[in-house]
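Novice: Here it is, the structure, as structure tokens.
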Amino acid sequence: ILLRIAIPTVDGQFSPHFGKCDGLYICEFNPQTRVVVNPRIVTRPAHTKLHDLGHMLLELSVDMVLGGGMNPNTVANLESVGIDCCLGMSGKTPLDVLHNYDHNPDQERSNICPGVQNPNYQCKYDC
């Protein structure tokens, strides 16, 4: 079983804020063997709105996004098209994030997006 995973990045490093990412680390991951296959960074086209980023994830056949924080509406939109979102992740690099997930896939995590706690929060990023 291979999962295609996307992890938001800025300059190749993990970006905990999904809406600020300039790219996505994409890989196929086998949770049984813990093998990472075909890792790559896919650059987010300039001026891409989140709606377009969701389409990009679909075109890349992503199964799961590992991120730090994401607007609850974005989570709902991605999950409605079959993309799971595991949020509250941390690490410096995308591989750090993947390893943190791999070592505790069932760990309860919290979405770090301020909009989760405060529905009136107006994020300056499109996430």
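Novice: Kindly sort T93, T9, T33 by accessible area of their heavy atoms, largest first, with the probe set to 1.4 Å.
Specialist: Listed by decreasing accessible area, they come as T33, T93, T9.
Novice: Under a plain spin-label model, where a point goes 7 Å from the Cα along Cα-to-Cβ, how far apart in nm are M56 and I41?
Specialist: My value for the distance between the label points is 1.3 nm.
Novice: Here's something else I'd like to know. I need the phi-derived Karplus couplings for segment 59-74: 6.51 cos²θ - 1.76 cosθ + 1.60, θ = phi - 60°, integer Hz, Gly and Pro marked x.
Specialist: 4, 7, 6, 6, 8, 8, 10, 9, x, x, x, 7, 4, x, 5, 5
Novice: Express as a percent, rounded to the nearest 5, the fraction of DSSP beta bridges in the chain (both residues included) that run antiparallel.
Specialist: Within the chain, antiparallel bridges account for around 75 percent of the total.
Novice: If you roll a 1.4 Å probe over the heavy atoms of the protein chains, what accessible area per residue do you get for the chain, in Å²?
Specialist: 56
Novice: Leaving out ligands, DNA and RNA, and with a 1.4 Å probe, what % of the accessible surface on the chain is carbon or sulfur?
Specialist: 50
Novice: Related question: Based on the mean of other Cβ atoms within 10 Å per residue, sort peptides 82-91, 17-26 so the most packed one is first.
Specialist: 17-26, 82-91
Novice: With a cap of 14 neighbouring Cβ atoms within 10 Å, and only residues DSSP puts in a loop, list the GluC sites (Glu not before Pro) found in segment 39-116.
Specialist: Those satisfying the criteria are E108.
Novice: Something else: How large is ³J(HN,Hα) for each residue in segment 43-48, as worked out from phi by the Karplus curve 6.51 cos²θ - 1.76 cosθ + 1.60 (θ = phi - 60°), to whole Hz, x for Gly and Pro?
Specialist: The phi angles translate into 6, 7, x, 4, 6, 6 Hz.
The values are calculated or read from the model by the stated rules, or taken from the named source; none is laboratory data. Keep in mind the model is a prediction, meaning the values are calculated, not measured. Heads up, the Cβs are rebuilt from the backbone with ideal geometry, glycines too, and the neighbour counts pull from every protein chain shown. Ligands, DNA and RNA are excluded from the accessible area calculation, which covers all protein heavy atoms including side chains. Shrake-Rupley method; radii C 1.70, N 1.55, O 1.52, S 1.80 Å.
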